[in-house]
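Here's the structure, in structure tokens; my notes come after.
The values are calculated or read from the model by the stated rules, or taken from the named source; none is laboratory data. The structure displayed is predicted, hence computed values, not measured ones. When we count neighbours, we look across all protein chains shown, and the Cβ atoms used for this are built from the backbone with ideal geometry, even at glycine.
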Amino acid sequence: MLIEKHMAKHLLVYILCILVFSTIGCSYVKPVSVYDEQMDKGITALQKNTEEVLLMIETHQGKVESTYEYHRAYYRQAIIDVSSLKIRAEAIQEDNLSTKMLEQLLNNIIRFEKDHIEGITANEVDLYRGGFNSQFTALLSLELAKKRL
């Protein structure tokens, strides 16, 4: 009798394990959120605005068009735009990767602003351009990959 209870208990545990693992194995796990058109458009617009500032600094060195004061509105708007996109990504709970990437982009825009206040030469623009383009490309690639899910 004791052996039968012991075997029945193990059999029950065995059956429950099979059911749990088969359920887990057959379920669909979505690693990221769904495509967000507003995120796509927001990142694209921010990339265009950032490139415009970089191009102005590069081509108008020594003129008012390359100064921080001339581009002050860009920094305010860029910080607002990235913060808005970040909040949107946070609202979609599965979108942790986008949230982290946007946080890093926000930090780099703030760092870019500080460097611009101190002065950026035309020769340094390519370093900023490369960094920002890498971030924008990664964010857009992630968003477009979501579109295919």
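Some observations on this one:
- The listed residue being of a type outside the set (G, A, S), without any contact (Cβ under 8 Å) to a residue 40 or more places away in the chain and closer than 30 Å to R148 by Cβ, out of Q47, Q38, Q135: Q135
- In region 100-149, residue nearest to E51 (Cα to Cα) [restricted to those that are part of a helix (DSSP H, G or I) and among the hydroxyl-bearing types (S, T, Y)]: Y128
- Exactly one residue out of V29, V13 is within 19 Å of K146 (Cα to Cα), surrounded by fewer than 12 Cβ atoms within 10 Å (Cβ to Cβ) and at pLDDT below 95: that is V29.
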